[in-house]
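A quick write-up on the structure given underneath.
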Amino acid sequence: MASRHLSRSIAVQSLYEWDFYNQNQFIEKIIKKNIKEFGLEPKEQNLVQEIVHGTINHLLEFDKIIEKAAPEWPINQITIVDRNVLRIGLYELLYGNKKEVPPKVAINEAIELAKTFGGESSGKFINGVLGTVYKELNPKGQITKDKQYPNSNDRNSK
């Protein structure tokens, strides 16, 4: 498994555990345990931290985007795995380094995570939601004004 993909896998598992316990667990403790369990190299540990903390910092924004992009699926009805894969996908799509991870790669990585950790239709669901958001991005990687989601262009929102 490529180290970046492994980092994303650890990020998904860490966010899953954190979300499963109603966000009442210390995320640092969860990340540290998962990194140790999977033996991730030190240089890749920063990517796990970046993804997890970036996702948590924009959690409310991402949840609003998900609910708007998939209105028939309230966030609390989406499986824990799928909603955290979506959150990670949105983090990389909206806030990630586009030179390191182009938008289509971010979407593809999220789909692969969904296929690995989610249910039978998770990959299609993730593809549909992230594809909807991707179609609304302008060349700067921001959601276009006419399709504006709450706080989606406010890069400092939490």
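Rule-based calculations on the coordinates, nothing more; no lab input. Owing to the predicted nature of the structure, the values given are computational and were not obtained by experimental measurement. Because the Cβ atoms are built from the backbone with ideal geometry, glycine has one as well, and the counts that use them run over all protein chains shown.
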| Can you give the net charge of the other residues whose Cβ lies under 15 Å from the Cβ of residue 3, counting K and R as +1 and D and E as -1? | -3
| field | For the chain, size of Cβ-based charge dipole, Lys and Arg +1, Asp and Glu -1, in debye | value | 360
| message | Ignoring solvent entirely, what values of log10 I(q)/I(0) come out of the Debye formula for the chain at 0.11, 0.12, 0.19 Å⁻¹ when each Cα is a single scatterer? | response | -0.39, -0.46, -1.22
| field | Over 28 Å (Cα to Cα) - which of 33/115; 36/68; 43/104; 64/99 fall in this group | value | 36/68
| query | Gain in length, residue 26 to residue 38, computed as 0.36 nm per residue apart minus the alpha-carbon separation, to one decimal in nm? | reply | 2.4 nm
| request: Count the net charge of all other residues whose Cβ sits under 12 Å from the Cβ of residue 38, scoring Lys and Arg as +1 and Asp and Glu as -1. | output: +1
| note | Taking every other residue with Cβ under 13 Å from the Cβ of residue 76 and scoring Lys and Arg +1, Asp and Glu -1, one gets -3
